[in-house]
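Engineer: Before we start, here is the structure in question, set down as structure tokens.
The values are calculated or read from the model by the stated rules, or taken from the named source; none is laboratory data. Just so we're clear, the structure is a prediction, and the values are computed from it rather than from any experiment. Counting neighbours? That spans all protein chains shown, and the Cβs are built from the backbone with ideal geometry, glycine included.
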Amino acid sequence: MATTSNESDSSRKNTDNRENDNKDEQNNMFECNICLDYAKDAVVSVCGHLFCWPCLHQWLETRSSRQVCPVCKAVISKDKVIPIYGRGNTKQEDPRNKVPPRPAGQRTEPDANTGFPGFNFGDGGFHLSFGIGAFPFGFLTSFNFSDRHGVPVGGQLPQDDHYLSKLFLWIAVIFIIWLLLA
Amino acid sequence: MNNIATQRIKREFKEVIKSEELAKCSIKVDLIGDSYTELKGEIAGPPDTPYEGGTFFLEIKVPETYPFNPPKVRFMTKIWHPNISSVTGAICLDILKDQWAAAMTLRTVLLSLQALMAAAEPDDPQDAVVAKQYKEYPEIFAKTASHWTNVYAGGPNKNSEFDTKIQRLIDMGIERDQARGALSTYNWDLERATEQLFS
């Protein structure tokens, strides 16, 4: 009987220890890699390492010529740091001020895919460029027609495209023949 | 002293105390005074090297700008190693210079130094004489390093041949450490060492 009770005691102790270890680990998880304290104004690098923003900022200032992650030495920069916004605590108290505010998160709005693409010819859908270089073939460098999403939109456009490219081809051929004859 | 530096050293101090390496007696850190700006490190000579069995003490000075700049570390125990000055104990190690990163700690620095002791970099030497011997006469290098470990770091390998040669120079009026330095430099060639000392 004595042995069994001992066993259960020790197993309880083990679970207690494990719980404590887990707590420690969880706390360590959110420690800044520079000051080793709980991360304030937390930011995370693209390589995934957590820092206080004031600490990381000071590191980037100290090594302005060679900006690398203090943990893994991957290339990092101020613009690519992601702030972490937890719930609650929003007060801005920071003893090490005189630091520019932590960079804002980068948000991309989802595409609002509306309207009639057919009428978009003028605003960004049409791109045409010429160049006349030393070499005569430079004349017909590029002309391309693209709508917003790079997909043919239907209607008149593809046919226009075809017609225009033929036209330019002929102009080019005539130009070359003229050059050869001259 | 700067608050971050002190806070960090306090935390790191705990980290070293909790670490497995301390339990294995391979690294140790002690405070000098209560200022947290100066510490004393201790590294055990790594196994299967001429430094095995020795204990090496380090002087660690923590700058105001720590951890954004590396700590200044120097061997207080004399050591025969291509990347450590046999005279001053100055260390040539990239992470203590331009490769320092703010996430490194006293623990990782001491472990890196231990790794450096096990794997020298003779092509980037601090002590050119030692590096030359390391490359040209590896056996003499190993014996010399082991002898220095015995004399200065409490290592186990006594070398009576070297001791006799040193004694010969001492009899001529040369100071002991100077005699050992000259003999080590000239690959334990007594004649050349004598020549150099009296020229």
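Engineer: Restricting to the stretch B:74-114, give me the number of residues that are in contact (Cβ under 8 Å) with a residue 40 or more places away in the chain and assigned to a loop (DSSP other than H, G, I, E, B).
Structural biologist: Going through the stretch B:74-114 one residue at a time, the tally reaches 10.
Engineer: Residue check, B:Gly89 against (1) on the phi < 0 side of the Ramachandran plot; (2) in the same structural domain as B:Glu59 (by the TED database), all met but one. Which one?
Structural biologist: Tallying (1) on the phi < 0 side of the Ramachandran plot; (2) in the same structural domain as B:Glu59 (by the TED database), B:Gly89 fails exactly one: (1).
Engineer: Another question, if that's okay. Can you tell me which residues in the stretch B:125-181 are closer than 19 Å to B:Phe57 by Cβ and loosely packed, with under 13 Cβ neighbours inside 10 Å?
Structural biologist: So the first thing to find is which residues in the stretch B:125-181 are closer than 19 Å to B:Phe57 by Cβ, and the list is B:126-127, B:145-156, B:177, B:180.
Passing the criteria: only B:Pro156.
Engineer: Select from the stretch B:51-67 the residues that are modelled with pLDDT of 95 or more, part of a loop (DSSP other than H, G, I, E, B) and out of contact with any Pro (no Cβ under 9 Å at 6 or more places or on another chain) and list them in ascending order.
Structural biologist: B:Tyr51
Engineer: Could I ask something else about it? Can you name the residue in the stretch B:119-140 that is part of a helix (DSSP H, G or I) and in contact with a Phe, Trp or Tyr (Cβ under 8 Å, 6 or more places away or on another chain) and, of all such residues, is nearest to B:Phe13 (Cα to Cα)? Explain how you work it out, then say what you get.
Structural biologist: Taking the stretch B:119-140 as the starting set, the residues that turn out to be part of a helix (DSSP H, G or I) are B:128-136, B:138-140.
Now drop any that are not in contact with a Phe, Trp or Tyr (Cβ under 8 Å, 6 or more places away or on another chain), which leaves B:130, B:133-134, B:140.
Working: B:Val130: 33, B:Gln133: 37, B:Tyr134: 35, B:Ile140: 38 Å.
Here the residue is B:Val130.
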